[in-house]
Amino acid sequence: MSKHDGVLLPHGGYENLRSYKVAEAVYDATIVFCDRFIEKRSRTHDQMVQAARSGVRNISEGSGAAATSRKSEMYLTNIARASLSDELLKDYKSFLLHRGLRVWHKDSREALAMRQRLSHDIAPNLPPAKSGTVRLTGLAGLSEFVAEADPELAANAMLCAVNQAVYLLKRQLESQERTFLEKGGFTENLYRQRIKTRQPPGSDKSDRSDKSDRSDRREP
C-alpha cells in the first residue's frame, strides 16, 4: 500500500503486491485450463473460474477498503485466500485424482522446479527445450504453458501456482494483523488526526477537553 490521503489509512498499490500478480496469473491460466479440459456447460467449469476470480478480485477490493477499515481489508484478503485454498486447490487435485493422474508431492523434483520458475516473472537462463516438449517460462508464461501442456503437467503446474498464491496471502494477512494491532484502525487514526490539527503550533499536548471520540476506538 502506498496511498495516504489525510485521515484515510494507507491503501491502494495492490498491483505491486506479489500475491496479486500470482493470483492474477492463476485466474488467467484457470480460464485457459477449464476451457481445455473441463466441459464448459458444467458447474465445475464455472466454479473453478469463479473461485480463481474471487482470489484476485478480493485482493484489489481489500486494498481499496483499507482506506477506511483495516477490518474489511483483512476480511477480503481472507476471502481471497479461502477461495483459492478451500475451493480452487481442491478442484485441481480432484481433476488429477478422478482421472488417475499423479499429484506431485510438494518436495518432488518436478514441484520444486515448477515453483522456482513461478517465482520469476520470466524464468532466467533456461537451456533450450527438447523438441516436442513444453516448458514454463516464468509466471507471465503460465497461461501459454497450460494451453500446450498435457493434463497432468498443466494441472500440477496450477497446483504449484495456487499454493504459491495461498502462501503469499497468508503472509499478507499476518502483516495486516500486525499493522492493525500496532497502529489501530480508521477511527483511531481519525482521532489522532483531529487531535493533531487542534494542537497549537509547537505544542505536544493533546486537547484533553474533547473526548467525543474516546469511546469509539474500535474498527468500524
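Highlighted here are the helices (runs of 4 or more DSSP H) found entirely within segment 20-119 that include at least 3 residues which are of a type in the set (D, E, K, R), farther than 19 Å from ARG171 by Cβ and modelled with pLDDT of 95 or more: 43-65, 89-98. Has segment 31-39 got any residue that is free of Cβ contacts under 8 Å to residues at least 40 places away in the same chain, crowded, with 19+ Cβ neighbours inside 10 Å and of a type in the set (Phe, Trp, Tyr)? No, segment 31-39 contains no residue that is free of Cβ contacts under 8 Å to residues at least 40 places away in the same chain, crowded, with 19+ Cβ neighbours inside 10 Å and of a type in the set (Phe, Trp, Tyr).
Selection of first residues in segment 132-149 that are assigned by TED's automatic domain parsing to the domain that holds ARG36 and of second residues that are surrounded by fewer than 17 Cβ atoms within 10 Å (Cβ to Cβ) and among the polar types (S, T, N, Q), restricted to Cβ pairs under 9 Å at least 6 apart or on distinct chains, gives the following pairs, ordered by first then second residue: GLY138/SER119; LEU139/SER119. Every condition in (1) under 16 Å from LYS21 (Cβ atoms); (2) at pLDDT below 95; (3) surrounded by 15 or more Cβ atoms within 10 Å (Cβ to Cβ); (4) of a type in the set (Ser, Thr, Tyr) holds for THR179 except the one numbered (1). If you go through segment 88-104 one residue at a time, how many are touching a residue at least 12 places away in the same chain (Cβ under 8 Å) and either surrounded by 17 or more Cβ atoms within 10 Å (Cβ to Cβ) or aliphatic (A, V, I, L, M) (or both)? Here the count works out to 9. Of the residues in segment 67-78, none is buried (at least 23 other Cβ atoms within 10 Å of the Cβ), within 18 Å of ALA155 (Cα to Cα) and assigned by TED's automatic domain parsing to the domain that holds VAL166.
The values are calculated or read from the model by the stated rules, or taken from the named source; none is laboratory data. None of these values were measured; they are calculated from a predicted model. Glycine also receives a Cβ, built like all others from the backbone with ideal geometry; neighbour counts cover every protein chain displayed.
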